[in-house]
Structures are given as structure tokens and as C-alpha cells.
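Okay, structure first, notes after.
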């Protein structure tokens with residue numbers, strides 16, 4: 001792996017934290033001792049960082065090289081958890097949510113869940129996804145938190161079961177929460193099918209409803225990333 005590859009992975013990781021409202025470019029610049037324009041240019045791919053500058057950024061955010069090498073971290077995590085009944089689940093950016101397999105370079109980090117917990121989660125596929133990597137984690141962004149508050153807050157970690165893209169309720173009289181594709185973005189919403197249209201319903205009644213009309217040869221299941229099976233909020 002080249003230094004340029006590590007830089008690109010650092011850029012992706014920082015963009016994810018900024019998008020999840022965990023960090024701002026201004027705060028990153030202050031912590032690392034850079035001009036804000038310098039940080040903005042790096043985040044937007046207009047310039048790189050020297051090795052010294054990378055060290056300053058990583059030290060400011062308490063990152064290690066393994067944080068930029070998810071494939072190595074996955075092997076290490078798997079080795080650690082093999083004997084204690086845990087499974088590592090990848091934290092991924094929204095742009096890869098509809099890919100059947102997640103490339104190692106797209107994985108920001110791993111979080112471990114008990115195997116017994118993951119096995120208890122029931123799948124229900126409206127279209128064949130048996131070959132898809134089942135569980136992924138994403139962070140709730142500001143838009144989703146505004147639409148689904150107080151159920152969600154920005155930065156909450158969502159465990160998404162991509163083998164559940166059915167509209168059938170997981171529990172009786174309780175609406176499923178989904179990650180759903182809307183144009184080029186992904187939203188966290190309740191979902192209903194009305195007259196052939198997929199309707200996105202927020203928790204916050206002050207936010208607008210959303211709709212998508214499946215195209216020719218498509219079904220509603222082509223727009224559902226999966227059911228949110230677990231929400232973790234750091235306090």
C-alpha cells in the first residue's frame with residue numbers, strides 16, 4: 001500500500017466524520033494547527049498532505065495507521081473476537097450501501113457484536129440478496145436526525161440488516177425503520193407503499209414526506225437498503 005492510498009483513506013474517514021457532524025473543518029484545523037483553507041483543500045481532494053501533516057492530523061484525532069488499513073484491522077479484530085463469541089461489523093459510507101460486497105478500502109472501522117445477538121435477528125428478503133454482505137453500520141447524519149428525532153440523534157450508530165428489504169412488519173403493530181435510497185442520497189425513514197409509489201415518512205411531523213416511483217423493471221425492494229435492526233447512541 002502506498003502513502004497516497006493512506007492519504008485517500010484518511011480523507012474518506014475525515015469526510016465521514018464531518019458528514020456525521022462529529023467534526024467540522026474548522027475544529028480539525030484548530031486541533032492540527034492548520035489554516036482552515038488547507039484542511040478544506042485536503043477534504044475536497046484539491047491537495048495532499050505531507051507525512052508530517054498527516055502525523056499532525058492523526059495525532060489530533062487520536063488515529064492509528066491501522067485505522068486507515070481496515071483489512072488489517074479486520075484480521076486483527078477477527079483474531080481477537082474468534083474465541084469470545086463476537087463478530088466484527090463494518091462501518092461504511094452511504095455511497096456503498098447498495099453494493100453486494102463492501103471493498104476493504106471503503107470500510108472506516110469495525111465494531112463488534114455478539115454472534116448470538118446477530119443470529120437472533122430475522123431476515124426477510126423481498127428480492128434475492130443471499131450473496132450480499134448482510135450487516136453494515138452507518139452513522140445517522142444531521143438530516144436523518146432532524147427527520148427522525150427524537151428517535152435518532154446525529155452520530156448515532158445504526159446496524160442495518162440488508163437481508164431485510166420486505167415491507168412486512170418485523171414486530172406486530174410496530175413500524176420498521178429503514179435506510180432507503182432517494183436519488184443520489186440515502187435517508188432513514190419509515191416506509192410505506194401507496195399506489196405503486198414508495199413513501200418515506202419521518203417521525204418529525206414538521207418534516208416533509210418523500211416519494212419515489214420505481215422505474216421500469218424495478219420494485220420497491222430495489223430502493224430499500226435494509227431494516228435498522230439496532231441503534232446505538234454514545235452518551
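Laboratory data are not the source of any read-out in this text; all were calculated from the coordinates shown. The model shown is predicted, which means the values in this text are computed figures rather than measured ones. All Cβ positions, glycine included, derive from the backbone under ideal geometry; neighbour counts span all protein chains shown.
At a glance:
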| quantity | calculated |
| --- | --- |
| Stokes-Einstein diffusion coefficient of the chain, Kirkwood radius over Cα pairs, 37 °C, 0.692 mPa s, in µm²/s | 171 |
| Gap separating the Cα centres of region 30-58 and region 109-129, nearest whole Å | 37 |
| Among 217, 95, 206: highest mean-square fluctuation, GNM of the chain, C-alpha pairs under 10 Å | 217 |
| Whole-Å semi-axes of the ellipsoid equivalent to region 137-235 (Cα gyration tensor, √5λ, descending) | 21, 15, 13 |
| All Cα pairs of region 3-68, percent lying beyond 14 Å | 52 |
| Spacing of the two label points (7 Å from each Cα toward its C-beta) at residue 172 and residue 65, in nm | 5.7 |
| Selected from 214, 90, 123 as most flexible by GNM, with the chain as the system and alpha-carbon contacts under 10 Å | 214 |
| Taking 38, 163 and counting other C-beta atoms within 10 Å, the order from fewest to most | 38, 163 |
